[in-house]
Structure formats: C-alpha cells, structure tokens
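Enquirer: To start, I am sharing the structure in question, which I have written as structure tokens.
Throughout, read-outs are computed from the coordinates displayed, never taken from laboratory work. For clarity, every value in this text was computed on a predicted model and none was experimentally measured. Counting neighbours? That spans all protein chains shown, and the Cβs are built from the backbone with ideal geometry, glycine included.
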Amino acid sequence: MSSGAHEEEVLGKAYDSRLMRRLLTYLRPYKWQVGLALAATMLKSAADVAGPYLTILAVDKYLAHKLDKHSPLDRWLSPNPWTGVGQIAGVYLFLLVFSFFLEYLQIYLMQWTGQKVMFDLRSQIFRHLQRMHVGFYDKNPVGRLVTRVTTDVDALNEMFTSGVVAIFEDAFVLAGIMAVMLYVRWWLALITFAVLPLILAVTAVFRKYVRDSFRRIRIAIARINAYLQEHISGMVVLQLFNREQKAFDRFSRINAGHMEAYKDAIIAYAIYYPVVEILSSTATACVIWFGGNAILHDALAHVPARDAMTVGILIGFNQYAQRFFRPIQDLSEKYNILQSAMASSERVFKLLDTPVEIVEPVSPRKSEGLGRIEFDHVWFAYRNVSVGPDGRPTDGDQTATATGGGARATQTTPDWVLKDVSFTIGPGETVAIVGHTGAGKSTMISLLLRFYDVQQGAIRIDGVDVREMSLADLRGRFGVVLQDPFLFSGTVGDNIRLGTEWIEDQAVEQAARDVNLADFIASLPQGFEEPVRERGSTLSTGQKQLISFARALAHDPRILVLDEATSSVDTETEFKVRDALNRMVEGRSSLIVAHRLSTIQRADKILVMHKGRLREMGTHQQLLAQRGIYWKLYQLQYKDQEVAVSADD
Ligand SMILES: Nc1ncnc2c1ncn2[C@@H]1O[C@H](COP(=O)(O)OP(=O)(O)OP(=O)(O)O)[C@@H](O)[C@H]1O
Ligand SMILES: [Mg+2]
C-alpha cells in the first residue's frame with residue numbers, strides 16, 4: 001500500500017522535453033485539428049490585442065481632434081469624425097464576433113482532440129495490460145493500475161485541452177500587448193512593466209507553495225484510493241472482527257491529510273490573487289499618474305501634436321495594463337496543470353514501457369498430437385531472495401535489494417518453488433497431483449499454461465516446448481478450472497460461453513447437463529439468462545465451481561486442467577462434482593490437483609509433491625504399499641473421506 005503512494009509522490013519538472021515529445025506523438029493523428037486550433041488561437045489573441053488600440057485611435061483621431069496624428073489605419077478611415085467613429089465601432093464589433101467564432105473553434109477542436117487522445121491512450125493501456133504476464137499482476141495492486149487508466153489519463157487530457165492551448169494564447173497575448181505598448185509609447189510601456197519583476201517574484205513564491213500542497217494532495221488521494229480499495233474488498237472481515245471504528249479512525253487521518261493539504265493551497269490562492277490585483281492596480285495608477293502628467297506637461301510646453309502624449313493613449317494603456325496581468329496569472333495556474341500532466345505521463349509511460357515477459361515466438365510451432373504432456377527437469381522460482389555471507393536467505397526479495405541501493409552488495413539466489421520436476425502424462429491419461437499446501441501444485445499448472453516461464457528445464461506438449469507455441473494455440477488446447485473460480489458480470493450462459501462464438505446454445509446446455517448443473521439452472525427464474533453479479537457474488541462456491549466446470553467442458557478442450565478447490569461442498573454437490581468429473585476426463589488427458597479421495601483413486605497416476613520436489617509417483621495402491629509420504633498424507637487427510645465416500649455410495 002505504501003509503495004502505491006510512493007509513485008504518486010514523484011512530481012518532477014513542469015516541462016520535460018523528452019516526455020513532451022512523446023506526448024505530442026499522440027496528437028499526430030489529429031494534426032489538422034490541432035493546427036487549426038492553434039491558428040484560431042493566434043488570430044484570437046491578435047483580435048484581443050487590437051481592441052484597446054482601436055480605442056486609442058477613436059479618441060485621438062476623432063474625439064480629441066488630433067486629426068494630424070498618423071496611424072497605420074489612416075488609409076481606410078474616413079476624415080469625417082462621425083463616419084470615423086462609426087467605422088472604428090464597426091471594426092470593434094466585428095473583432096468581437098470574430099473572436100467569438102475563433103474561441104468556439106478552438107474550444108471545440110481542442111476538447112474533441114483531447115477526448116480522442118484519451119480514447120487512444122486508454123485503449124493502448126488496456127491492450128498493454130492484457131498482454132502483461134501474470135507475474136506483473138502479482139506485483140502491481142489493482143488500484144494503482146486503475147489510476148493509470150483513469151486519473152492519469154485525465155490529467156493528460158486537461159493538459160491537452162486547457163493547458164497547452166491556453167499557454168500559447170497567454171504567451172501570444174502577452175507578447176502582443178507588450179509590442180503594441182512599446183510601439184505606441186515606449187517610456188510609458190516601460191513604466192507599466194516596472195511592476196513585472198514584483199509579480200514574477202510573487203508568482204515564484206506562490207508556485208512553490210502551491211506545488212508543495214498539490215504534491216501532498218496527490219499523495220493523500222493515492223492513499224485514500226489504496227485504503228478504500230483494500231478496505232472495501234475486505235469489508236466482510238472488517239465487520240466480522242469489529243474493526244469498523246479502528247478502520248474509520250485511520251481513514252479519518254488520511255482524509256484529514258487531504259483536507260489540510262487543500263487548505264494550504266487555498267490560502268496560497270487567496271493571497272496570490274489579491275496581491276496580483278494590487279500590483280496590477282498599481283500599474284494602472286502609474287499609467288494615470290505619469291501619463292496624465294505628461295499630457296498636462298506637453299500641453300503647457302506646446303509640444304508638437306505628433307509627439308505629444310494624448311488622452312487616447314492614456315485610456316488605451318489603462319485597458320492594456322488591466323489585460324496585461326491576466327495571462328501571467330493564468331500562466332502560473334497552467335504551471336500546475338503541466339506539472340501534474342508530466343508526472344502522470346511519466347507514470348503512464350512507465351507502465352507502457354514495462355516489457356511483457358511472456359513473449360510469443362516469431363514463428364510459432366504447432367504441436368500435432370493427442371495431448372502428451374512432459375515436464376522435463378523443471379526448475380522454477382517466483383522471485384529471488386538475498387543470501388547473507390553465510391549463504392542463508394535473509395529477508396527481503398530482489399526488488400527490495402534493488403531499491404536499497406548498492407550499499408550492501410548481497411547476492412541473490414532463486415527461491416525455488418519447483419525443483420527438478422520430471423514426469424509425463426500420456427494421451428488420455430488422468431494424472432492427479434497431491435501434496436501439502438504450498439507444495440507447488442498450482443504453480444505447476446501456471447507453468448503448463450505458460451503464465452510464467454521456467455528457469456531451467458522445459459515443458460512440452462506433444463513434443464513441442466510451450467515457449468515455441470503461440471499463446472492462443474497453447475491455451476486454446478486446455479480447458480482449465482482454477483482453484484478459485486472467477487465469474488464475470490453477465491448471465492450464467494455468458495459465463496459458460498465466455499464470448500466464444502462457435503459454441504452453440506445446445507453445447508452450452510449439454511455442458512451444463514454434463515456437470516449436473518441443469519437442475520440448478522432450471523430452478524433460476526431466468527434460466528441461462530439469469531444475471532450474474534461481479535465475481536459471482538450471488539452464487540455459492542459450489543455453484544461457481546460447477547459453472548466453471550461447464551465453461552471448461554463447453555470449450556471441448558483436448559487437455560483438461562483442474563485445480564480442485566480446497567473448500568469442501570455438501571455431500572450432494574460433492575456427488576454431482578464427482579460425477580461431472582467422471583464425464584469430463586473421459587477421452588482427454590487430464591491433470592488434476594486433487595483434494596478429493598475419489599478423484600485421486602480414479603487417477604491413472606498420482607504425483608506426490610513435497611516442498612517443490614516430485615517425491616513419489618504411482619497408483620493409489622502402489623503408493624500406499626510404499627508407505628512413504630503419500631501413505632502419511634492418506635492417513636492425515638484422506639482416510640476420513642473414505643468413510644464418507646463409502647457411506648453415501
Ligand atoms: N505469485 C506468487 N509469487 C510469489 N510466490 C508465490 C506466488 N504464488 C505462490 N507462491 C509461493 O509458491 C509456493 C507454492 O505455491 P502453490 O500455489 O503452487 O501451492 P499449492 O501447492 O497449490 O498449495 P495449495 O494446496 O494451498 O493450493 C508457496 O510457497 C507460495 O508461497
Ligand atoms: Mg494451489
């Protein structure tokens with residue numbers, strides 16, 4: 001959980017050219033739309049800058065009767081003040097309407113592009129997640145992966161839609177205003193700009209504070225998410241052990257952390273905006289004071305009209321001074337958007353760059369045959385453990401050593417879960433695996449289906465190494481029932497078919513009948529159309545198990561793989577399950593991790609796993625006669641079942 005928060009704490013630069021370049025590649029398919037939006041933005045900025053300049057013209061040329069003043073628009077403007085003022089008002093109005101359309105275009109195009117990019121990115125992440133090997137999910141909590149597809153993609157969207165465009169717009173407007181002011185009266189422009197260093201200083205301080213509290217907000221959100229996810233999934237246990245108050249107290253602390261961080265941000269905003277307001281008013285006051293003095297001075301000194309300070313310029317500068325600070329304010333806000341987008345993109349790209357460890361060969365081999373399975377001296381470990389100088393494992397796995405820095409150069413060694421396991425299953429044979437919990441039984445199945453790759457040795461199907469086959473071909477061969485059956489939301493029928501189109505309705509019904517599920521389904525109000533909730537929460541464990549049996553059977557696999565659930569079911573269901581199993585293994589090679597004596601007795605061969613090694617192999621009778629591990633296991637676990645079995649047979 002804590003490592004989940006760590007990743008969110010990283011908040012780097014607001015601009016990282018490497019990340020930005022990669023982000024921009026997502027805009028490439030929409031370059032026309034983006035280009036058009038940028039063009040609209042530039043034109044709109046120009047229109048915005050032009051407004052006050054028109055005011056200057058109108059006042060000086062027509063109202064203050066300084067007709068000899070020259071301006072670039074003289075050629076089009078009428079010498080008659082009545083017509084001239086009308087013309088300028090007309091242009092002003094036109095610019096307003098024009099800007100309205102440009103803004104519409106810009107917003108529409110950028111939001112549209114943003115949604116497209118989000119769509120592409122989410123699809124890309126999901127595709128990548130689907131290809132990721134199972135080992136990846138052992139290490140990455142669901143909550144964090146969900147955040148990548150939702151919150152992080154949203155942050156990028158915000159950057160594309162409001163951030164980038166607004167930054168361009170602000171920059172254009174700022175440059176435009178400065179240029180016009182300098183062109184019209186450079187010295188008054190410089191006086192107005194005098195507050196700029198102050199504003200920049202205030203902005204820098206503000207940014208530092210806001211940045212810090214935004215970082216804390218993000219950490220708090222990550223913690224809230226992780227905490228909620230864990231505690232909602234574990235709600236039953238929570239209530240069972242009366243941990244509600246304790247859990248609530250811890251939640252309150254995390255929740256309060258979020259609020260406090262927000263409060264700091266709010267204070268920063270509440271101070272920053274009025275301060276900028278004061279500074280911008282100061283600039284306006286300076287314009288009035290220095291500009292006004294200049295007008296009075298020039299009038300007394302009879303400065304020629306061409307060079308004299310005018311009322312029009314005073315009014316125009318007043319307007320500019322007020323608009324001038326808005327982009328700066330905006331830019332400091334956009335900075336946060338950029339910063340969180342960069343952090344998000346870093347995380348998203350890290351996920352997208354995580355290599356898929358289970359890769360298919362370029363030219364896969366097809367195995368032709370009836371389903372002969374061979375484990376050939378298989379060694380496998382899920383992880384490495386560090387070993388101390390004495391060669392004994394210390395705690396902490398490989399990842400812990402890697403992040404711990406190179407200060408303590410410890411060696412790592414694989415934590416073997418399977419050690420030198422060899423056996424074969426002939427076509428049509430039923431093989432049962434037995435052993436204590438944690439002996440590595442489920443692991444053998446994961447390896448057979450290539451959820452993980454073996455470190456040494458090989459697993460072959462009809463003589464072909466599983467690593468040389470395409471994954472679809474390999475997994476398509478198997479019908480698998482895993483230890484804890486997983487149902488998706490949908491209907492009972494959907495869960496049996498699981499989207500495979502070639503399975504006819506009759507086959508689904510036949511499969512249900514074969515696993516003795518028909519009566520149960522018939523008793524449901526909507527039969528096969530009965531809705532199943534997420535994870536099949538409305539069904540009993542036995543029912544879920546039978547449905548996953550039917551699922552495996554309906555797909556008519558060449559090889560059947562079954563990890564029997566350890567939880568026992570009632571005698572009637574037990575009977576149904578046993579009967580269903582009988583029919584399922586018929587004519588198929590089957591590998592069954594067995595917990596039921598009945599399954600074991602029927603097997604052609606029993607593999608006895610002990611601490612990752614295959615210790616004994618043979619039939620029930622042979623193994624009992626050996627009086628070894630199996631015999632002990634039988635005394636401990638299965639003997640009671642014998643009584644129960646014979647009682648209801
Ligand atoms: N994803 C994993 N990452 C790391 N270690 C794992 C993982 N899955 C299992 N292990 C470890 O591998 C060993 C074998 O686990 P496995 O699930 O194969 O046992 P099992 O024989 O199926 O036990 P059970 O009868 O309880 O199902 C255990 O010590 C377990 O802690
Ligand atoms: Mg298991």
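Enquirer: Which value results for Rg/Rh of region 422-648 when Rg is the Cα radius of gyration and Rh the Kirkwood radius based on the inverse mean 1/r?
Expert: On the Cα set of region 422-648, Rg over Rh gives 0.97.
Enquirer: Please state the relative contact order of region 15-353 as a whole percent: Cα pairs under 8 Å, 6+ residues apart?
Expert: Relative contact order, region 15-353: 31 percent.
Enquirer: Under the classification rounded if a/c is under 1.5, otherwise prolate if a/b is larger than b/c and oblate if not, where does region 15-353 fall, given a ≥ b ≥ c as square roots of the Cα gyration tensor eigenvalues?
Expert: prolate
Enquirer: If a/c stays under 1.5 just call it rounded; otherwise compare a/b with b/c (prolate if a/b is bigger, oblate if not). Do that for region 149-307, with a ≥ b ≥ c from the square roots of the Cα gyration tensor eigenvalues. The partial results should precede the final answer.
Expert: On the way: a/c = 6.41, a/b = 3.08, b/c = 2.08.
In terms of gyration-tensor shape, prolate.
Enquirer: Something else now. Given charges of +1 on the Cβ of Lys and Arg and -1 on the Cβ of Asp and Glu, with all other atoms neutral, how large is the dipole of region 15-353 about its Cα centre, in debye to the nearest 20? Before the final figure, lay out each step's value.
Expert: Details: 36 positive and 26 negative charges, 241 e Å.
Here the size comes out at about 1160 debye.
Enquirer: With a ≥ b ≥ c the root eigenvalues of the C-alpha gyration tensor of region 313-391, is it rounded (a/c under 1.5), prolate (a/b larger than b/c) or oblate? Display every interim value, and only then the final one.
Expert: On the way: a/c = 9.13, a/b = 2.81, b/c = 3.25.
The shape class here is oblate.
Enquirer: Given just the C-alpha atoms of the chain, how large is their convex hull per residue in cubic angstrom?
Expert: On the way: hull volume 149.6 nm³, N = 649.
It comes to 231 Å³ per residue, whole-number rounded.
Enquirer: On to the next question. Report, in deg cm²/dmol and to the nearest 500, the calculated mean residue ellipticity at 222 nm for the chain, where each DSSP H run with n ≥ 4 adds -39500 (n - 2.57) and the sum is divided by the residue count.
Expert: The per-residue figure over the chain is -19500 deg cm²/dmol.
Enquirer: Output the peptides 346-358, 281-293 sorted from most to least packed, where packing is the average of other Cβ atoms within 10 Å over each peptide's residues.
Expert: Values: 346-358: 14.8, 281-293: 16.7.
Averaged packing, sorted descending, gives the order 281-293, 346-358.
Enquirer: Would you mind counting up the charge near residue 243? Only other residues with Cβ under 14 Å from its Cβ, with Lys and Arg at +1 and Asp and Glu at -1. Each step should come with its number before you reach the end.
Expert: Details: positive: 246, 250; negative: 230, 244, 249.
Cβ neighbours under 14 Å give a net charge of -1.
Enquirer: Let me check against my output: what whole-number percent is the relative contact order of region 271-327, with C-alpha pairs under 8 Å and at least 6 apart?
Expert: Worked out over region 271-327, it gives 47 percent.
Enquirer: Below 10 angstrom from the Cβ of residue 366, what's the summed charge of the other residues (Lys, Arg +1; Asp, Glu -1)?
Expert: On the way: positive: 365; negative: 368, 462, 468, 473.
Summing Lys and Arg as +1 and Asp and Glu as -1 gives -3.
Enquirer: Run the numbers on the chain and let me know its relative contact order in percent, using alpha-carbon pairs under 8 Å that are six or more apart. Don't jump to the answer; show the numbers that get you there.
Expert: Numbers: 857 pairs, mean separation 92.6, N = 649.
Reported relative contact order: 14 percent.
Enquirer: Let's see if you can work this out: charge +1 on each Lys and Arg Cβ, -1 on each Asp and Glu Cβ, no other charges. What is the dipole magnitude of region 422-648 about its Cα centre, in debye to the nearest 20?
Expert: So the dipole magnitude of region 422-648 works out to roughly 1080 debye.
Enquirer: If packing is taken as the average number of other Cβ atoms within 10 Å across a peptide's residues, how do 193-202, 450-459 rank, most packed first?
Expert: In decreasing order of mean packing, 193-202, 450-459 become 450-459, 193-202.
Enquirer: Count charges around residue 203 for me, please; just the other residues with Cβ under 14 Å from its Cβ, Lys/Arg as +1, Asp/Glu as -1.
Expert: Every neighbour counted, the sum reads +1.
Enquirer: Could you calculate the FRET efficiency of residue 538 with residue 451 from 1/(1 + (r/R0)^6), where r is the beta carbon distance between them and R0 is 45 Å, rounded to 0.05? Working shown, then result.
Expert: Details: r = 29 Å, r/R0 = 0.63.
The computed FRET efficiency comes out at 0.95.
Enquirer: Would you work out the charge dipole size for the chain about its Cα centre, treating the Cβ of every Lys and Arg as +1 and the Cβ of every Asp and Glu as -1, and quote it to the nearest 20 debye?
Expert: 1700 debye
Enquirer: Using amide H atoms built in the peptide plane, which far-off residues or other-chain residues are under 5 Å from residue 593 H to H?
Expert: Long-range HN contacts for residue 593: 433, 562, 563, 564.
Enquirer: Of the listed pairs 31/334; 139/441; 350/441; 263/334; 116/544; 116/350, which have alpha-carbon separations greater than 30 Å here?
Expert: Values: 31/334 23 Å; 139/441 21 Å; 350/441 34 Å; 263/334 20 Å; 116/544 39 Å; 116/350 21 Å.
Pairs exceeding the cut-off: 350/441; 116/544.
Enquirer: I've got another one for you. Please compute the modelled spin-label separation between residue 637 and residue 76, points set 7 Å along Cα→Cβ, answer in nm with one decimal.
Expert: 9.0 nm
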